[in-house]
Amino acid sequence: EEAIAARDDSALEEAMDHFSEAEWFINAVTKGGENEEGIFYPTESIDVIDLLTQSQIKLDELRNVAIVRFDKAKTDNVKDEDLNSQFDASFETLMSHVDDSESLVFYDLEEVKKSLKHTTENGETILMITGLVSLLLTIVIATSVTKSIVSGLNVSVVQAEVLADGDFSKKIDR
């Protein structure tokens, strides 16, 4: 508002920078992007995309009214009440869309958060089941190998006892 009410080009430039920044964030939420704040992944919510598309249209309308209003104030040195009212109405409409978009984005983020939590819980369950199955398989294999070794040792012990008793007539099995 203050930048648009001023009468020098730097004020309009500052206002246009704000419009460009707002436009960038709309695109970052709908299409993805990256800036100094981080990486923005595009929303998958059709409702958010639709509302932000409407917000983009309202932002463009406000930008156009602001330019006309600035040019009129600069050349005429007079405030145009109709342009002021149009600017205020466009601004209020945009802010309403932005507020609705923000609420919907936060709702969408909560839904994604719930989904991620559910996915994490499923992953933990799968990991626990896999660990238990691995443990059971290890026990079964260890028991089988142990029985095989022990039975071979038992046969060897019996044959060694026979030989110890002096009976060399028996054949030793391999």
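The values are calculated or read from the model by the stated rules, or taken from the named source; none is laboratory data. Remember, it's a predicted structure, so these values are computed and weren't measured experimentally. Using ideal geometry, Cβ is built from the backbone for each residue, glycine included, and neighbour counts are taken over all protein chains shown. Heads up: the accessible areas ignore ligands, DNA and RNA and are worked out on the full protein's heavy atoms, side chains in. Shrake-Rupley method; radii C 1.70, N 1.55, O 1.52, S 1.80 Å.
A few points about this structure:
- Dividing the mean sequence gap of close Cα pairs (under 8 Å, 6+ apart) by how many residues the chain holds gives a relative contact order of 16 percent.
- Note on the chain: with a GNM built from Cα contacts shorter than 10 Å, the maximum mean-square fluctuation among Ile126, Ile49, Ile141 falls on Ile141.
- An ellipsoid equivalent to region 71-170, defined through the eigenvalues of its Cα gyration tensor, has semi-axes of 91, 12, 5 Å when rounded to whole angstrom and sorted largest first.
- Along each principal axis, taking the top coordinate minus the bottom one, the Cα set of the chain gives 129, 28, 18 Å in descending order.
- Proximity of backbone amide H atoms, modeled 1.01 Å from N, is registered between Phe40 and Gly33, Glu34, Asn35 at under 5 Å, excluding neighbours fewer than 5 places apart on the same chain.
- Accessible surface ranking that places the most exposed of Lys171, Lys31, Lys117 first, with a 1.4 angstrom probe: Lys171, Lys31, Lys117
- Total lysine pairs in the chain at Cα distances under 30 Å, for residues eight or more apart or on different chains: 10.
- Dipole of the chain computed with +1 at Lys/Arg Cβ and -1 at Asp/Glu Cβ about the Cα centre; of Val155, His118, Pro42, farthest Cα towards the positive end is Val155.
- When only the Cβ of Lys, Arg, Asp and Glu is charged (+1, +1, -1, -1), the dipole of the chain relative to its Cα centre reaches about 2020 debye.
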